[in-house]
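Presented below is the structure to which this report refers.
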Amino acid sequence: KNQVEQSPQSLIILEGKNCTLQCNYTVSPFSNLRWYKQDTGRGPVSLTIMTFSENTKSNGRYTATLDADTKQSSLHITASQLSDSASYICVVSANGQNFVFGPGTRLSVLP
Amino acid sequence: GAVVSQHPSWVICKSGTSVKIECRSLDFQATTMFWYRQFPKQSLMLMATSNEGSKATYEQGVEKDKFLINHASLTLSTLTVTSAHPEDSSFYICSTSPPRLTTGELFFGEGSRLTVL
């Protein structure tokens with residue numbers, strides 16, 4: 001069964017600190033993996049996309065990693081800001097058309 | 001700019017009335033659109049897949065007669081919540097993916113918050 005799991009379920013950190021969110025998946029055949037940021041009451045916005053051959057990709061203070069062998073991905077946020085408070089959703093695509101969503105990690109950045 | 005536009009952003013209606021939510025693909029022709037529902041502090045739940053020119057495919061547990069989906073054109077899909085009740089109050093989001101593009105790019109609308117009194 002195609003599944004995406006994320007951990008932790010929620011996370012609270014202080015402004016300026018770093019954090020890492022995890023995504024484990026059992027999706028086959030694997031096409032790509034995306035991290036989305038969803039602010040409260042808004043639609044998700046894409047942060048990064050990782051294909052099978054990519055190990056690391058950065059987008060500003062966001063760095064995603066992918067280990068296709070262990071089927072794990074992480075999203076590292078550096079020097080967190082208050083505006084980083086949001087839900088982060090891991091979405092794995094099978095064949096580029098079927099999308100399996102993770103439950104998300106709710107991040108709260110406190111001043 | 002926005003690739004997918006949703007309207008309205010929020011709507012309040014009386015119990016028993018029907019509400020229509022529109023999802024427009026602005027930059028490309030979308031043969032497939034996805035509709036999700038999201039309750040507070042919960043993850044996105046896929047409700048149905050809307051296919052242009054054919055019937056929508058509903059996920060298990062989603063009442064197709066209550067959540068009517070129409071995808072009459074390549075740029076517009078609508079979700080109509082019929083005879084809405086307070087338990088239908090939720091955040092509804094649509095998404096779409098460019099056709100013939102296998103990168104798995106999903107573009108989401110801004111969402112529509114429905115409150116049923």
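None of the figures in this text is laboratory data; all of them are computed from the coordinates on show. This structure is a prediction, so every number in the text was calculated from the model and none was measured. Quick reminder, even Gly has a Cβ in these numbers, built from the backbone with ideal geometry, and neighbours come from all protein chains shown.
Annotations
- With a cut-off of 14 Å between beta carbons, the residues surrounding A:Leu33 carry a summed charge of -2, where Lys and Arg count +1 and Asp and Glu -1.
- When you filter the trypsin sites (Lys or Arg not before Pro) in the range A:1-73 for DSSP loop state and at most 11 other Cβ atoms inside 10 Å of their Cβ, you are left with A:Lys1.
- Residue-by-residue Karplus 3J(HN,Hα) for the range B:63-73, coefficients 6.51, -1.76, 1.60, Hz, glycine and proline x: 7, 5, 7, 8, 10, 7, 10, 10, 10, 6, 9
- Candidates B:Gly53, B:Gly16, B:Gly61, ranked by Gaussian network fluctuation over chain B, Cα under 10 Å, top entry: B:Gly61
- Shown here for the range A:1-110: chymotrypsin sites (Phe, Trp or Tyr not before Pro) in loop regions (DSSP other than H, G, I, E, B) with at most 14 other Cβ atoms within 10 Å, namely A:Phe52.
- Amide H contacts of B:Thr75: B:Ala30, each under 5 Å away and 5 or more positions distant or on a separate chain (H built 1.01 Å from N in the peptide plane; Pro and chain starts excluded).
- A cut-off of 5 Å between modelled amide H atoms, ignoring neighbours fewer than 5 places along the same chain, links B:Ser89 with B:Val116.
- Size of electric dipole in chain B: Cβ of Lys, Arg +1 and of Asp, Glu -1, about Cα centre, debye, nearest 20: 140 debye
- Loop-located GluC sites (Glu not before Pro) across the range B:1-103 with a Cβ neighbour count of 15 or fewer within 10 Å are B:Glu59, B:Glu63, with loop assigned by DSSP.
- Net charge of neighbours whose Cβ lies under 10 Å from the Cβ of B:Asp88, counting Lys and Arg as +1 and Asp and Glu as -1: +1
- Other-chain or far-sequence residues with amide H under 5 Å of A:Thr48's (modelled H): A:Trp35
- One compactness figure for the protein assembly as shown is 1.02, namely its Cα radius of gyration divided by 2.2 N^0.38 Å.
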